[in-house]
Amino acid sequence: MNQDNINVRDIILWNRIGRIVTKLSEKLQITPEEAFDIFYQSETCAQLHEEESGLYLYGELYIIDELIRELQDKQG
């Protein structure tokens, strides 16, 4: 993959993360900053950044549901 493709992918990913964080904050009724912290500390976020996982192919609502399931699993 050349540098131009990597930059475009990064831009698209950052835009998607912004939408995910915004929707997560609305769904959990928390601030966007709190949602950002929760998202970036999650395994779901790590998987989103790993091209091999394929998670980036899914929609924002699916990714949010995965994150919420991850949080629920951590709480027991």
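The values are calculated or read from the model by the stated rules, or taken from the named source; none is laboratory data. Just so it is clear, the model here is predicted, and its values are computed rather than measured. Because the Cβ atoms are built from the backbone with ideal geometry, glycine has one as well, and the counts that use them run over all protein chains shown. Keep in mind that these areas ignore ligands, DNA and RNA; they rest on the heavy atoms of the full protein, side chains included. Shrake-Rupley method; radii C 1.70, N 1.55, O 1.52, S 1.80 Å.
So, of the residues in region 40-73 that are assigned to a helix (DSSP H, G or I) and of a type in the set (Gly, Ala, Ser), which turns out to be nearest to Ile20 (Cα to Cα)?
Looking at the filtered set, the residue picked out is Ala46.
Taking interchain pairs and intrachain pairs at least six residues apart, which have beta carbon atoms under 6 angstrom, with the first residue in region 55-74 and surrounded by 11 or more Cβ atoms within 10 Å (Cβ to Cβ) and the second assigned to a loop (DSSP other than H, G, I, E, B) and of a type in the set (Gly, Ala, Ser)?
Leu67/Ser42; Glu70/Ser42
Consider region 1-29. How many of its residues are under 16 Å from Glu70 (Cβ atoms), among the hydrophobic types (A, V, I, L, M, F, W, C) and more than 10 Å from the chain's Cα centre (by Cα)?
1
Looking at region 22-39, can you tell me whether even one residue there is open to solvent by 80 Å² or more (accessible area, probe 1.4 Å), in contact with an Asp or Glu (Cβ under 8 Å, 6 or more places away or on another chain), outside any loop (DSSP other than H, G, I, E, B) and modelled with pLDDT of 95 or more?
no
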